[in-house]
């Protein structure tokens, strides 16, 4: 699991800078995609990655990479993940700031799944602000909770190769059987309805805090995530292009 809310005063302990951090040139572009689990952040982040020529930085991917690399911060994260606990804000921030200092992210990045708490958002602002930069745009992909539950709870996965199906949006030709290789379809434990609802309840409160953070800074825009994917993509692109000049 990827982050946990911070106790009062944690902001004093969150890493906001370190000697040698560069975080890109002055025209760095940082876009944050926000939304509940299943809203489509990952899909839209990939489109923005191609559109802006900036790396897509997903929290889950960065956590797994840090753990696999055995870095100090990765080992710290693994201590929590191996126990099924949320990784602390301070650790998540260090992982993202380390990644933002890599050559391919020097001109900016598209952030997916981070910041996940108000404390993370404030620490990211502080780190970027040290270099005269900021989050240029935060885009919230809005989807009603019942739609999100239906999206997640209807997902089935091929047991052999991981092909993804959906009971409503993309059903297999034969129920319970993968169209491509004939293997059985299974539903992950965390895609079951009761688990999905519990996960939503846990994350939506923190999401509201992050949304409020970016709204107060005047960089938040909202896109209706219920529309077809290509229309959502156009909406996200338009909101980013509005100020950043993307085409």
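The values are calculated or read from the model by the stated rules, or taken from the named source; none is laboratory data. Every value quoted in this text rests on a predicted model; they were computed, and no experiment measured them. Here the Cβ is made from the backbone with ideal geometry for all residues, glycine too, and neighbour counts use every protein chain on show.
Does the range 33-40 include one or more residues that are crowded, with 23+ Cβ neighbours inside 10 Å and without any contact (Cβ under 8 Å) to a residue 40 or more places away in the chain? Scanning the range 33-40 turns up no residue that is crowded, with 23+ Cβ neighbours inside 10 Å and without any contact (Cβ under 8 Å) to a residue 40 or more places away in the chain. Only one entry in 18, 22, 83 is under 30 Å from residue 164 (Cα atoms) and either at pLDDT 90 or above or surrounded by fewer than 21 Cβ atoms within 10 Å (Cβ to Cβ) (or both), namely 83. Once the range 233-247 is narrowed to residues that are modelled with pLDDT under 65 and touching a helix residue (DSSP H, G or I) at 6+ places or on another chain (Cβ under 8 Å), the residue that is nearest to residue 139 (Cα to Cα) is 244. Just one of the listed residues (147, 136) is under 27 Å from residue 114 (Cβ atoms) and out of contact with any strand residue (DSSP E or B) (no Cβ under 8 Å at 6 or more places or on another chain), and it is 147. Inspect all residues belonging to the range 70-86 and state whether any of them is within 26 Å of residue 217 (Cβ to Cβ) and assigned to a helix (DSSP H, G or I). The answer is no, given that none of the residues of the range 70-86 is within 26 Å of residue 217 (Cβ to Cβ) and assigned to a helix (DSSP H, G or I). Counting only residues that are loosely packed, with under 13 Cβ neighbours inside 10 Å and either modelled with pLDDT of 90 or more or more than 21 Å from the chain's Cα centre (by Cα) (or both), which one in the range 194-217 is farthest from residue 112 (Cα to Cα)? Filtering first and then ranking leaves 194. Residue check: residue 160 meets all listed conditions (1) closer than 30 Å to residue 129 by Cβ; (2) surrounded by fewer than 18 Cβ atoms within 10 Å (Cβ to Cβ) but one, namely (1).
Do the conditions hold for residue 237, that is, is it surrounded by fewer than 17 Cβ atoms within 10 Å (Cβ to Cβ), in contact (Cβ under 8 Å) with a residue 24 or more places away in the chain and part of a helix (DSSP H, G or I)? Answer is no for this residue. Based on what the data block shows, is residue 113 within 17 Å of residue 236 (Cβ to Cβ), more than 15 Å from the chain's Cα centre (by Cα) and at pLDDT below 90? Judged against the criteria, residue 113 is not a match.
Could you tell me whether the range 183-204 includes any residue that is free of Cβ contacts under 8 Å to residues at least 12 places away in the same chain, out of contact with any helix residue (DSSP H, G or I) (no Cβ under 6 Å at 6 or more places or on another chain) and under 28 Å from residue 125 (Cβ atoms)? Yes, the range 183-204 has at least one match.
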